[in-house]
Amino acid sequence: MAWYRTGTVAVTNNSNVITGTGTSWVDGAAVGETFLGPDAQVYEITSIVSGTSLRISPNYKGSTATVQAYAIMPTQGYLRDLAAQAAALVNSYQAVRDGVGVGKFAAGTAAAPSLRGAADENTGLNFPGADILQLITNGAVRLAIAADGTPSGVFVDKLPVSVATQTAITTLAAACLALTALGSGSDQVPSNQHLGFLAFQDVVGALQVYRNARSSQPGEVWHERVSDTQLIKKFHGLDGVVRSLTENYA
């Protein structure tokens, strides 16, 4: 690296202050480098005060003078600093080598997922532990997959229902009969239907009974319970008509 000789200096006997004119020592000099004074003696630069002021050690030994030539000599400090910086880089890279370098990411949070973008740090994949994988957007868990593969989160809630699933739901809903729609008489039960024994609560809390739509074939005969003392016998005729007969028991 070339010596720095830009500008001139003013020196004072037995002072550590060097004043420059036309100098730029903030960029052109460094602490630890050598100041070669107008007295042909060498001094250590101990501080850079500004582009036109620096401090030396020991104090200047020559005569007081102005508008003097000088030189700043680079030292081996650059190599030492470079070696220290290289060692620090190697030490910091060890965590990258043993972690991300082999595909291992530390546990994150919803605000800072384990795997995220530099421009969007609250969106990405998170590995919170306990065999769970999370999909994060805008700092919130949208999808979590448990150890057994069970998904949860708003992503699951918003999944579209397929046509086949919607058809099955519609069919099931059509096979449900509200208790309020039933009377006590057997003639109030829809034709060619028989009621299941159990009831269930729907989402609004109203009792409903599942209406089991029997897929009877011509020639079949079956009974449907009305009460402990009454049964309805039904017969699916060969003509396709389902006929019924009420049986009473004492």
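The values are calculated or read from the model by the stated rules, or taken from the named source; none is laboratory data. Small disclaimer: the values here were computed from a predicted structure and weren't measured. So basically every Cβ, Gly included, is an ideal-geometry build from the backbone, and we count neighbours across all protein chains shown. SASA here: full protein model, heavy atoms, side chains in, ligands and nucleic acids out. Shrake-Rupley method; radii C 1.70, N 1.55, O 1.52, S 1.80 Å.
What to note about this one:
- When the residues Glu220, Glu44 are ordered by accessible surface, computed with a 1.4 Å probe over the protein chains alone, the sequence from largest down reads Glu44, Glu220.
- Amide H partners (placed H, <5 Å) of Thr19, local residues excluded: Ala10
- Rounded to the nearest 10 Å², the accessible area of Phe155 at probe 1.4 Å: 100 Å²
- Ser15 accessible area, assembled protein chains, probe 1.4 Å, Å²: 30 Å²
- Measuring with a 1.4 angstrom probe and ignoring ligands and nucleic acids, Asp228 comes out at about 130 Å² accessible.
- Between Ala112 and Asn91, the simple label model (points 7 Å from Cα in the Cβ direction) yields a spacing of 2.1 nm.
- Residue ranking by accessible heavy-atom surface, 1.4 Å probe, largest first, among His223, His236 comes out as His223, His236.
- Ordered from largest to smallest accessible area (heavy atoms of protein chains, 1.4 Å probe), the residues Thr23, Thr167 come out as Thr167, Thr23.
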